[in-house]
Structure formats: C-alpha cells, structure tokens
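Working notes for the structure below.
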Amino acid sequence: GNLAFVGSHSINGVSALHTELMKETVFAELHRLYPDRINNKTNGITPRRWLIQCNPDLTALTREAIGDRFLDDIDAIKELDAFADDAAFRDKFAAVKRANKAKLANLVADRLGIRIDPSALFDIQIKRIHEYKRQLLNILETVALYDQIRSHPERNWMPRVKFFGGKAAPSYHNAKLIIKLANDVAKVINRDPAVRGLLKVVFVPNYNVSLAEIMMPAADLSEQISTAGMEASGTGNMKFALNGALTIGTLDGANVEIKECVGDDNIFIFGLTTEEVAERRSNGYDPRSVIEASPELAQAVAAVSTGVFSPDDPERYRDLMNGLYQSDWFMVAADFDAYASTQRDVDAVWRDSPDWYARAIRNVARVGWFSSDRTIRQYAKEIWNVPV
C-alpha cells in the first residue's frame, strides 16, 4: 500500500467517510507528506443493470411519469420526487413493488419449499458474509423478535420476512458459522405455529448477481448495518435505494452520503459513529456489562449459546457467543438496543403504508447521483485528465 501510494499521482477513496479515514489512519504519514494526493470519488452503480434491466416495471412506471430522459441521464430521475405525494402514483408504485415481491416469493417456494406472503415487509440483507457486516446483529435481533412475538401475542406485530444471502471466504470459520446459524434459526422459526404469518426467515443459497437482480427490486427494507468505520463504501445500499427500498443502517461508508441525498426522514439511522467506535475500543469496552444490561439481547445470546436453535449440537454456537462476551470487536452488543429500537420504528412507518411508499419514491428519485456514470466522469476529469 505504501509503495503504491508513493508510485501514484492520485489516490482515491470510494466514499467521503472512507477517504477521510485513509487520510487519518492508514496513510496518515504519507498524507502529511503529500496532502493533495488523496481525493474522494464515491463509487457508483450502473442504472442500466440495476434499474432498467432488473426492474422493468418500475422503469416503465417512471417513463410514464417523467418521460425517457432518465434512461440516458439518470440525474433526471429526480423529477420523480414530485410524485411522492401523489396518491394514484403511490398506488401504482406499490403495485410494482408487490409484483416484484411475488416474483421473489415464487422463487423461494420453488427453490426452498418455503411459502411467504408478499404483503409482509421484506427485510433483506444480501452481501458477503463477514463479521464487520454484522449479519450476526441481524440474526440476534431476529431471535429477540421471535421471543417477543411468542411472549406477547396480544401485540399488533407487523408481518415480516427476514432474508439473508451471501458467501463466506473458504477458511473464514466464524463467517461459515454465521451462515449455519441463520439457517438453524430459520428452521426453528419457520416451523413454529406461534409465529406463523408474523415472522419467516429465509437464507437464499448461492447468492449471485442474477439472484440480486430479483431480490433488490423486491426489498422493502435494505440492511446496511456494518460497524461504523469498517465499510469502505458499499454498492448494495445504492442498488436497494434505486429500487425503492428504505435503508436501515449505520453512519458508515456511502450510507452517510445516501442519508444526505435522500434526507433524514427517508432513512433509518442507528448506532455508534466511527469516532464512538474508536473511543469505545480505546477506553476498555466491556461487552459483558452491555449484554447483561439488555434483557432482550441477553435472552437471545443465551438461546443461541445453549443450543435452542441447534438441538442436534447444543455446543455449536457456544464459542461464537462467548466471543461477544469477551471482546465484541465489531460492536454487536453495543449497537443491539439501538438497532432493535429502530426496527420497531420501521414497523411504525410500515404500518402507515402511504407514508412508507412516499419515502420509498423519494429514495428512488434522490439517488441518481450514485451512478457509475458520475463516478467515471469524475475519474476522467479529475484523475485521468481525459475528455469526457
């Protein structure tokens, strides 16, 4: 990395937060020597694949509303913003989303034999399996929600389907274990009549681009919950938002810039900031006391640790849970209560469906900036010095 820095005329991060972290941490000394060399080029996605190809119904609806200019100039999609408060357009948008969800539900039924209701909230986390991306936080909140539904059947719970997908590096033991845990939790929850119709869990195998092209248009909620300061940028967050999903996430990577573009009311932000994570780590963070102070988390960790979801091997997840008690480097326990609380905020907005779809339309309209066209124009003009 240092040799590459010295040998380069320009070095860019791939999100505003990531670029600043490169200046302050990894390349701090070299940045002092060459203060003009590091620059930001927030990365992007191609709307040709991630809207026009994968979501033809939303593309057709958008063309009907604002014309064809956005097909070649994605910035023009911002004209869709005016339709967020149009009840007739919201109904058409909701119908498109419902059709995309039905397509995913049919795929899940065919491949996995799991029947899911397209009217439920589709909550999706699909990405590489890694501890910093915190699929474990999502799974533990799912376990806690499962326990809450069983304990309080009288409450007006919002039906939800939790989707997971992703691959782990071949030798990454904990990541493989997290995949196993997601599947074990799914097995128990999906067979329990006490939560039937209220909670389902689906781990979709062999996650790849073709599957993403079906899942992203079907998402209501996009999970972007990495430990703050550890995700360079992310592009899944952009793809989901362009397809009309609301994001629940930390102030990490490009989430920071997505929040600036879509507005505070159209994204669900929770958890420690990058600075707060660093402060916790340097000041002797004690995860045990955090877990013991959170009844929901303590109960979820105990259930996983004692084999409730792995009766064939009660010790399977003991070490994984002990890791939370002993170090919790990725701040799963530290962010759990804030995450669980924000998920209940999600339920409240989902219950008011016109408001939900208005927010979803604003996401589609306001994320045109996260196009690879814009990124490559910046590379050409500011790094390569070639005419565009």
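The values are calculated or read from the model by the stated rules, or taken from the named source; none is laboratory data. The model shown is predicted, which means the values in this text are computed figures rather than measured ones. Here the Cβ positions follow ideal geometry from the backbone for every residue, glycine too, while neighbour counts run over all protein chains shown.
Data overview
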quantity: Options ALA218, ALA144, ALA212: the member that is closer than 24 Å to ARG318 by Cα and among the aliphatic types (A, V, I, L, M); calculated: ALA144
quantity: Selected residue (only one of VAL256, VAL301 is more than 30 Å from ARG48 (Cβ to Cβ) and touching a Leu at 6+ places or on another chain (Cβ under 7 Å)); calculated: VAL301
quantity: Filter pass, ASN255 being under 27 Å from ASP355 (Cβ atoms) and under 11 Å from the mean Cα position of the chain (by Cα); calculated: yes
quantity: Search result, residues across the stretch 357-388 that are small (Gly, Ala, Ser) and within 27 Å of the chain's Cα centre (by Cα); calculated: ALA358, ALA360, ALA365, GLY368, SER371, SER372
quantity: Where a residue in the stretch 326-351 is free of Cβ contacts under 8 Å to residues at least 60 places away in the same chain and on the phi > 0 side of the Ramachandran plot and its partner, wherever it lies, is crowded, with 19+ Cβ neighbours inside 10 Å and assigned to a helix (DSSP H, G or I), with Cβ under 9 Å and at least six apart; calculated: ASP328/PRO287; ASP328/VAL290; ASP328/ILE291; ASP328/ALA334
quantity: Set LEU177, LEU145: member being surrounded by 21 or more Cβ atoms within 10 Å (Cβ to Cβ) and either farther than 30 Å from THR46 by Cα or of a type in the set (D, E, K, R) (or both); calculated: LEU145
quantity: Considering residues of the stretch 108-142 that are β-branched (Val, Ile, Thr) and over 18 Å from the mean Cα position of the chain (by Cα) only, the residue nearest to PHE270 (Cα to Cα); calculated: ILE116
quantity: Verdict on GLY263 being within 30 Å of ALA82 (Cα to Cα) and in contact with a Pro (Cβ under 9 Å, 6 or more places away or on another chain); calculated: no
quantity: Any hit, the stretch 9-26, residues being more than 24 Å from the chain's Cα centre (by Cα), in contact (Cβ under 8 Å) with a residue 24 or more places away in the chain and more than 27 Å from GLU275 (Cα to Cα); calculated: yes
quantity: Test: residue in the stretch 92-103 that is over 19 Å from the mean Cα position of the chain (by Cα) and either crowded, with 22+ Cβ neighbours inside 10 Å or outside the structural domain of THR227 (by TED's automatic domain parsing) (or both); calculated: yes
quantity: Residues within the stretch 156-182 that are within 30 Å of SER353 (Cα to Cα) and polar (S, T, N, Q), tallied; calculated: 1
quantity: Selection status of LEU30, touching a Ser or Thr at 6+ places or on another chain (Cβ under 8 Å) and assigned to a helix (DSSP H, G or I); calculated: no
quantity: Residue ID - nearest to ASP75 (Cα to Cα), chosen from residues in the stretch 226-269 that are of a type outside the set (Gly, Ala, Ser), out of contact with any Asp or Glu (no Cβ under 8 Å at 6 or more places or on another chain) and in a loop (DSSP other than H, G, I, E, B); calculated: ASN243
quantity: Subset of the stretch 366-385 [charged (D, E, K, R) and in contact with a Pro (Cβ under 9 Å, 6 or more places away or on another chain)]; calculated: ASP373, LYS381
quantity: Only listed residue being surrounded by 20 or more Cβ atoms within 10 Å (Cβ to Cβ) and within 22 Å of LYS162 (Cα to Cα), chosen from ALA212, ALA228, ALA254; calculated: ALA212
